[in-house]
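Presented below is the structure to which this report refers.
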Amino acid sequence: MFLTLRTNWIILMLAVVLMSATVLYARTWSGFAAVIMVLSVLKFLLVAFYFMEMSKAHPAWRAILTVFAVIVAAAVVLMK
């Protein structure tokens, strides 16, 4: 994941805007939780790999981080 700071910032801001727009349709749309969690995982991984420099970490740590994010997202989506 070799994104520039500007590209990473734009993606993070677009994710926030999409999450805010999704909240407006929360009561009428059943896929609300899934979209919010996908965007949250995307934001989490972007911050982790770029700002925490996990891209330079051991592959096992990168895998653990990604699996953890997916498990948490799946648990929240399946709780509904």
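Selection over the stretch 45-60 of residues that are loosely packed, with under 12 Cβ neighbours inside 10 Å and either of a type in the set (A, V, I, L, M, F, W, C) or in contact with a Leu (Cβ under 6 Å, 6 or more places away or on another chain) (or both) gives a count of 3. Among the residues that make up the stretch 36-43, is at least one of them in contact with a Phe, Trp or Tyr (Cβ under 9 Å, 6 or more places away or on another chain), within 26 Å of W9 (Cβ to Cβ) and part of a helix (DSSP H, G or I)? There is no residue in the stretch 36-43 that is in contact with a Phe, Trp or Tyr (Cβ under 9 Å, 6 or more places away or on another chain), within 26 Å of W9 (Cβ to Cβ) and part of a helix (DSSP H, G or I).
This table checks each residue for (1) surrounded by 13 or more Cβ atoms within 10 Å (Cβ to Cβ); (2) at pLDDT below 85; (3) in contact with a Leu (Cβ under 9 Å, 6 or more places away or on another chain); (4) hydroxyl-bearing (S, T, Y).
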residue: T4; (1), (2), (3), (4): no, yes, no, yes
residue: N8; (1), (2), (3), (4): yes, yes, yes, no
residue: Y25; (1), (2), (3), (4): no, yes, no, yes
residue: V35; (1), (2), (3), (4): yes, yes, yes, no
residue: K43; (1), (2), (3), (4): yes, no, yes, no
residue: A69; (1), (2), (3), (4): yes, no, yes, no
residue: V72; (1), (2), (3), (4): yes, no, no, no
residue: V77; (1), (2), (3), (4): yes, yes, no, no
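Checked against the criterion of being part of a helix (DSSP H, G or I) and touching a residue at least 40 places away in the same chain (Cβ under 8 Å), the stretch 16-34 contains one or more residues that satisfy it. If only residues of the stretch 17-48 that are among the small types (G, A, S) and in contact with a helix residue (DSSP H, G or I) (Cβ under 8 Å, 6 or more places away or on another chain) are counted, the one that is nearest to A69 (Cα to Cα) is S40. Would you check if R62 is among the basic types (K, R), out of contact with any Cys (no Cβ under 8 Å at 6 or more places or on another chain) and not in a loop (DSSP other than H, G, I, E, B)? Answer is yes for this residue.
Residue pairs whose Cβ atoms lie under 8 Å apart, separated by 6 or more positions or on different chains, with the first residue in the stretch 52-73 and within 22 Å of T4 (Cβ to Cβ) and the second assigned to a loop (DSSP other than H, G, I, E, B) and modelled with pLDDT under 90, are S55/M1; S55/F2.
The values are calculated or read from the model by the stated rules, or taken from the named source; none is laboratory data. This is a predicted model, so every value here is computed, not measured. Reconstructed Cβ throughout: ideal geometry from the backbone, glycine too, with neighbour counts over all protein chains shown.
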